[in-house]
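Below is one structure, written out as structure tokens; the observations come after it.
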Amino acid sequence: MRGVQCLSMPAALVIGTLVLASCATPTITGGAAGPAAEAPSLKPGDRWVYHGQDGYRVPVVWDETHEITAIGPEGITVRVTLKGPTIDIQRTETWSAPGIVRTGAVYEAETDRFEPSLIRYNYPLSVGNTWSQSIRNANKPPDPFGPIQRHVEVGGYESVSTPAGTFDAIRMRVLMQLDDATFWRYGTECNYLVWYAPSVGATVKEEKRSSYREKEGMEGVSVPGQHATLQLTSFSRGR
């Protein structure tokens, strides 16, 4: 297991606040015991297709495809496409190894350049493991934007049904504070549940919730953001 990133005192306080806030939602430490999930063996052509929706009364819907297009000495290249009635996006992620993201998305469909690299999955994934990071998006100037604070907790196995089938999946919670604070609002706070299936080497379901708080006397007002679900619809191995 990779070592947990060392955090500065302000970063540690932010992570602690996010963890305490998560106590208002059900704990993820339950679930069945099971083997640790090792890093998957990937090859060009591996392809995961998801169906996503985000919103409340009239949600936005789309299909999202992740396909490995190249593996070489420089790492792993992944093409991500999102297509729907109101969405048509293509972006590229680069990984130095499975689970280690140099450029990619941490919130929606943006492309960030992470310093240090984002640890999306800290293999082997074992029940009770946690890791925390303070990450800068190198595409933004250091001021006035602070770092992204991210904390992950690994729970147990659950049976998860999706349009692609039923999977034995590891349930994880991801807590984040984004680098989007401004003079009138605090950074977006994210509370995600992610189900990772070792049999497909990726997530099979994600539930994403986010919100932010305003400043100037409105500190107690929470403005909702993401209300999204992503489910695997198909998976195929490259040849």
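Things worth noting here:
- Residue pairs whose Cβ atoms lie under 9 Å apart, sitting 6 or more positions apart in sequence or on different chains, and linking a residue in the range 202-215 that is under 17 Å from Gly99 (Cα atoms) to a partner that is open to solvent by 50 Å² or more (accessible area, probe 1.4 Å), are Ala202/Phe235; Val204/Gln231; Val204/Phe235; Lys205/Ser161; Lys205/Gln231; Glu206/Gln231.
- Pairs where the first residue, in the range 216-233, is in a loop (DSSP other than H, G, I, E, B) and the second is at pLDDT below 95 and surrounded by fewer than 10 Cβ atoms within 10 Å (Cβ to Cβ), C-beta under 8 Å, 6+ apart: Glu216/Trp184
- Against the numbered list (1) under 27 Å from Arg57 (Cα atoms); (2) within 12 Å of the chain's Cα centre (by Cα); (3) not aliphatic (A, V, I, L, M), Pro224 comes up short only at (2).
- Residue count for the range 174-196, restricted to those that are touching a helix residue (DSSP H, G or I) at 6+ places or on another chain (Cβ under 7 Å) and open to solvent by 10 Å² or more (accessible area, probe 1.4 Å): 3
- Tally, over the range 121-142, of residues that are open to solvent by 50 Å² or more (accessible area, probe 1.4 Å) and under 16 Å from Met176 (Cβ atoms): 3
The values are calculated or read from the model by the stated rules, or taken from the named source; none is laboratory data. Because the structure is a prediction, the values reported are computed rather than measured. Every residue, glycine among them, receives a Cβ derived from its backbone with ideal geometry; neighbour counts consider all protein chains shown. Note: accessible area is taken over every heavy atom of the protein model, side chains too, but ligands, DNA and RNA are not part of it. Shrake-Rupley method; radii C 1.70, N 1.55, O 1.52, S 1.80 Å.
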